[in-house]
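Structure first, then comments.
None of the figures in this text is laboratory data; all of them are computed from the coordinates on show. What you see is a predicted model; the values in this text were computed from it and never measured. Here Cβ is always computed from backbone atoms with ideal geometry, including for glycine, and neighbour counts include all displayed protein chains.
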Amino acid sequence: MKVLIVEDNPINMKLTSELIKIAGYEALQAADANTAIAIAREVLPSLILMDIQLPGMDGITALKLLKGDEKTRHIKIIALTAFAMKGDREQFIAAGCDGYVSKPIRYKELFETVESVLMESKGEHERLRAGG
Ligand code: MN
């Protein structure tokens with residue numbers, strides 16, 4: 001299963017990629033939103049971990065573009081943010097993201113959120129197949 005990590009900080013990228021690989025997924029990398037959108041359209045990963053603070057296009061804008069595009073809207077997206085401000089979560093959910101993990105990334109929280117979002121995705125596919 002492919003997980004696209006969008007992160008401009010090389011240290012955070014390395015750490016997050018290692019954690020995703022330890023969890024048993026294939027880690028794809030993008031350091032900015034435009035690259036991420038191009039990879040997402042091409043590869044159609046199961047999940048995107050999207051840093052919110054990015055140079056150029058920010059993560060919320062990228063999230064809205066991906067969720068507004070028929071081709072990529074089914075891809076689950078988890079927002080990664082250093083902001084621990086109250087109300088952020090609501091903002092990300094309103095923008096269409098499926099989950100939220102705050103930085104610094106902790107393995108347990110990341111793994112649990114990834115599992116729960118992918119489980120939700122599996123449930124949706126099964127309901128679609130069952131016609132309900
Ligand atoms: Mn960043």
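Observations
- For the chain, modelled as a GNM whose springs connect Cα atoms under 10 angstrom apart, the maximal fluctuation among GLY96, GLY24, GLY87 occurs at GLY87.
- Between region 58-132 and region 12-52, the alpha-carbon center distance in angstrom: 13 Å
- Region 58-132: relative contact order in percent, alpha carbon pairs under 8 Å with at least 6 residues between: 28 percent
- When each of the peptides 28-35, 73-80 is scored by the mean number of other C-beta atoms lying within 10 Å of its residues, the order from highest to lowest reads 73-80, 28-35.
- Considering only alpha-carbon pairs that sit under 8 angstrom and 6 or more positions apart, the relative contact order computed for region 1-75 is 34 percent.
- Directionally averaged projected area (convex hull, Cα atoms, the chain), nm²: 7.8 nm²
- At least 30 Å along the helix axis (C-alpha) and Kyte average at least -1.0, DSSP helices within the chain: 107-129
- Mean separation of Cα pairs under 8 Å and 6 or more residues apart, divided by the residue count, gives the chain a relative contact order of 20 percent.
- In nm, spacing of pseudo-spin labels at THR35 and SER116 (7 Å Cα→C-beta vector): 3.1 nm
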